[in-house]
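**Student:** Mind looking over this structure? Questions follow.
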Amino acid sequence: MKMFPTKKSQVIENLMNFSTKELSKYSKKRNYDLGPPHKNVSKLSPYLRTRFITEEEVLKIAVSNNDIKTIEKFIEEIFWRTYWRGWLESHPWIYDEYLDKIDNQVISKKTGIKCFDNWREELINTGYLHNHSRMWFASIWIFTLGYSWQSGANFFKNNLLDFCPASNTLGWRWVAGLQTINKPYLATSDNINYFTNGRFNPRGQLNEQVNLNYTERNSNHILELIEPKRVEFRNIDQLGIILNKNDLTLNHIFDNMKIDYDCCIYSIKHENKLINKFNKNIIQDILINNKNFNFFEEYNQIINWLINKKIKNLILPYETVGNKIFNNEKFKNKLKVLDINYHFFLRDWDRNAFPHATKGFFNFKKKIPNLIDLIDF
Ligand SMILES: Cc1cc2nc3c(=O)[nH]c(=O)nc-3n(C[C@H](O)[C@H](O)[C@H](O)COP(=O)(O)OP(=O)(O)OC[C@H]3O[C@@H](n4cnc5c(N)ncnc54)[C@H](O)[C@@H]3O)c2cc1C
């Protein structure tokens, strides 16, 4: 069976199976990388990243099959991505600094470190790596092979099905000892041996001791979050929705409110064939289930669609740091010329959580029970 199916029905079926068979053991087993098909973790990240499935949908299924107390660790992990996204919203320059310093250091195909070479192959062939292996891989990349963390983050960016600017950049920074300042994550051969069940043991091959002395601090400046105002959409007509990789199910909110709209999906070609095929196929599944939706790969097609459909009010998924598609002057000026009102829609999930994500995860974690209470289970 495919590790990453592209039909929503199959994703839900897999999640049901995972919830009933694996989730109760998740907190004990999640750190083991036993190789594909990685049954001990959910493999939901490519779908959550695009909201092909939402965090709420996942939690509703997880909670319907388990006592919520027994799956706290899983819930916490789901919130990690929310936290990283919120944190980057209040520290946007961190992403710009990463973009400024990307270089294209290319690793040789074989480094001689068997685990590392294996993970590199796995990532290229499947578009996925287990979380622990991402940590080990990043650590070896930076501290044993001596490459820059930015080039490693870029390597992940070009190969991950679930690439998320916040989780990836901040994950690499965390390993590098920049996120929790001067506390790098050091991969050790014993830890790798233990958590791969003896599949790998790079004894003597890793740099297991590093002293860092960064003076940079993140928390001194925090950008205040300005959340978009809530809008009442009920009596708005000629409504259009553009779905994209930031949110492929935003229209469901309007379905639930029984509000009519026209909808299109926008997605540009990805240079990586595997990622491109995955993106195309999940979009295809949405198009099959929504025959009246259009699909566009070009900016001009979007403009023509807005004109032809006589859209007067436009909804787009909110664009967080690193995820800008339409939130630019060119597009917004065009909407002005066409006399179209627009709104970048921030889901309640993010709206409620982001204000708590400006400092460390420890502080954020305390708010998770309150955030869970806001979900209508
Ligand atoms: C260097 C590095 C780079 C990373 N890059 C990305 C990335 O680009 N995109 C991405 O989604 N995750 C990234 N992660 C986080 C994590 O590795 C993946 O989310 C996780 O491995 C996905 O597998 P899963 O769905 O089976 O996870 P599960 O263990 O089943 O967790 C369920 C969900 O919780 C979220 N989650 C779990 N762990 C984390 C975490 N540490 N940080 C953020 N969210 C988490 C994901 O959405 C995941 O799908 C990165 C981690 C590191 C160390």
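**Student:** Can you pull a Stokes-Einstein diffusion coefficient for the stretch 1-124 at 10 °C (1.306 mPa s), Rh from Kirkwood over Cα pairs, as a whole number of µm²/s?
**Tutor:** 94 µm²/s
**Student:** Could you list, bin by bin from short to long, the percent of Cα-Cα pairs of the chain in 10 Å steps?
**Tutor:** Computed distribution, short to long bins: 4, 22, 32, 27, 12, 3, 0.
**Student:** May I ask you to order 360-371, 237-248 by the average number of other C-beta atoms within 10 Å around their residues, highest value first?
**Tutor:** 237-248, 360-371
**Student:** What is the packing order of peptides 13-19, 288-294, 223-229, 65-71, taking the mean over residues of other C-beta atoms within 10 Å and listing the highest first?
**Tutor:** Taking the mean over residues of other Cβ atoms within 10 Å, the ranking is 13-19, 65-71, 288-294, 223-229.
**Student:** Which value, in Å² rounded to 10, gives the accessible area of THR50 with a 1.4 Å probe and all protein chains present?
**Tutor:** Taking all protein chains as shown, THR50 has close to 10 Å².
**Student:** Work out from phi, with θ = phi - 60° and the Karplus expression 6.51 cos²θ - 1.76 cosθ + 1.60, the ³J(HN,Hα) of each residue of the stretch 132-143, listed in order in whole Hz, and give x for Gly and Pro.
**Tutor:** 5, 5, 4, 5, 4, 4, 4, 5, 5, 3, 7, 9
**Student:** Follow-up. For the pair THR70 and ARG351, how long in nm is the line joining their label points, each one 7 Å along Cα→Cβ?
**Tutor:** Between THR70 and ARG351, the label points sit 3.5 nm apart.
**Student:** Which shape class, rounded, prolate or oblate, goes with the stretch 101-195 when its Cα gyration tensor gives a ≥ b ≥ c as root eigenvalues, a/c under 1.5 marks rounded, and past that a/b bigger than b/c marks prolate?
**Tutor:** Cα axes put the stretch 101-195 in the rounded bin.
**Student:** Residue-wise, which Karplus ³J(HN,Hα) couplings in Hz belong to the stretch 311-322, taking 6.51 cos²θ - 1.76 cosθ + 1.60, θ = phi - 60°, and x for glycine or proline?
**Tutor:** Karplus values, whole Hz, x for Gly and Pro: 5, 10, 9, 10, 10, 10, x, 4, 10, 7, 4, x.
**Student:** Distances longer than 19 Å among the Cα atoms of the stretch 173-249: what percent of all pairs is that?
**Tutor:** 68 percent
**Student:** What is the Cα centroid distance between the stretch 86-109 and the stretch 116-159, reported in whole angstrom?
**Tutor:** When both Cα centres are located, 15 Å separates them.
**Student:** Roughly how many percent of the accessible protein surface of the stretch 1-53 is carbon and sulfur, given a 1.4 Å probe and a whole-percent answer?
**Tutor:** Answer for the stretch 1-53 is 55 percent, counting heavy atoms of protein chains only.
**Student:** Could you sort the peptides 332-339, 249-256 by per-residue average Cβ neighbour count (10 Å cutoff), highest mean leading?
**Tutor:** Highest mean packing first, the order is 249-256, 332-339.
**Student:** Suppose R0 equals 25 Å. What FRET efficiency, 1/(1 + (r/R0)^6) with r the Cβ-Cβ distance, do ASP260 and PHE331 give to the nearest 0.05?
**Tutor:** 0.55
**Student:** Still on this structure, I have one more. Give me the accessible area per residue for the chain, probe 1.4 Å, as a whole number in Å².
**Tutor:** Per residue, the chain has 50 Å² of solvent-accessible surface.
**Student:** What does the helix-only formula give at 222 nm for the chain: each DSSP H stretch with n ≥ 4 adding -39500 (n - 2.57), the total divided by the residues, and the result rounded to the nearest 500 deg cm²/dmol?
**Tutor:** The per-residue figure over the chain is -13500 deg cm²/dmol.
**Student:** With a point put 7 Å past each Cα toward its Cβ, work out how far GLU22 is from HIS252 in nm, to one decimal.
**Tutor:** Rounded to a tenth, the inter-label distance reads 2.0 nm.
**Student:** What ³J(HN,Hα) values, in whole Hz, does the Karplus curve 6.51 cos²θ - 1.76 cosθ + 1.60 give for the stretch 152-169 when θ = phi - 60°, with x put for Gly and Pro?
**Tutor:** x, 4, 5, 4, 5, 3, 7, 10, 7, 5, 9, 3, 10, x, 6, 4, 6, 4
**Student:** Grab the Cα-Cα distance for ASN31 and ASN193, subtract it from 0.36 nm times how many residues apart they are, and report the gain in nm with one decimal.
**Tutor:** 57.1 nm
**Student:** In addition: Check TYR342: other-chain or 5+ apart residues with amide H under 5 Å from its amide H, H built from backbone geometry?
**Tutor:** LEU314
**Student:** If amide hydrogens are placed 1.01 Å from N in the peptide plane, which non-local residues have theirs closer than 5 Å to the one on ASP262?
**Tutor:** Placed amide hydrogens put LEU239, GLY240, ILE241 under 5 Å from ASP262.
**Student:** Taking K and R as +1 and D and E as -1, what net charge do the other residues with C-beta under 12 Å from the C-beta of PHE155 add up to?
**Tutor:** +2
**Student:** How much of the accessible area of the stretch 101-195, probe 1.4 Å, is carbon plus sulfur, in whole percent?
**Tutor:** 51 percent
**Student:** Something else: List every residue whose amide H lies under 5 Å from the amide H of PHE295, counting only residues 5 or more places away in sequence or on a different chain, with H placed 1.01 Å from N in the peptide plane.
**Tutor:** ILE265
**Student:** Taking a cut-off of 23 Å between Cα atoms, list the lysines near LYS258, but don't count ones fewer than 8 places away on the same chain.
**Tutor:** Those lysines meeting the cut-off are LYS8, LYS60, LYS229, LYS291, LYS309, LYS310, LYS312.
**Student:** I would also like to ask the following. What is the gain in length, in nm to one decimal, between GLN10 and ASP117 on full extension, counting 0.36 nm per residue of separation less the C-alpha to C-alpha distance?
**Tutor:** 35.4 nm
**Student:** Using a probe of 1.4 angstrom, how much of the accessible area of the stretch 246-377 is carbon and sulfur, in percent?
**Tutor:** Accessible surface attributable to carbon and sulfur in the stretch 246-377 totals 48 percent.
**Student:** Can you tell me what share of the DSSP beta bridges in the stretch 239-345 is antiparallel? A percent to the nearest 5 is fine.
**Tutor:** So the antiparallel bridges in the stretch 239-345 amount to around 5 percent.
The values are calculated or read from the model by the stated rules, or taken from the named source; none is laboratory data. Here the structure is a predicted model, which is why all the values come from computation and not from measurement. Virtual Cβ from ideal backbone geometry, glycine too; neighbours counted across all protein chains shown. These accessible areas exclude ligands, DNA and RNA; they are computed on the full protein's heavy atoms, side chains included. Shrake-Rupley method; radii C 1.70, N 1.55, O 1.52, S 1.80 Å.
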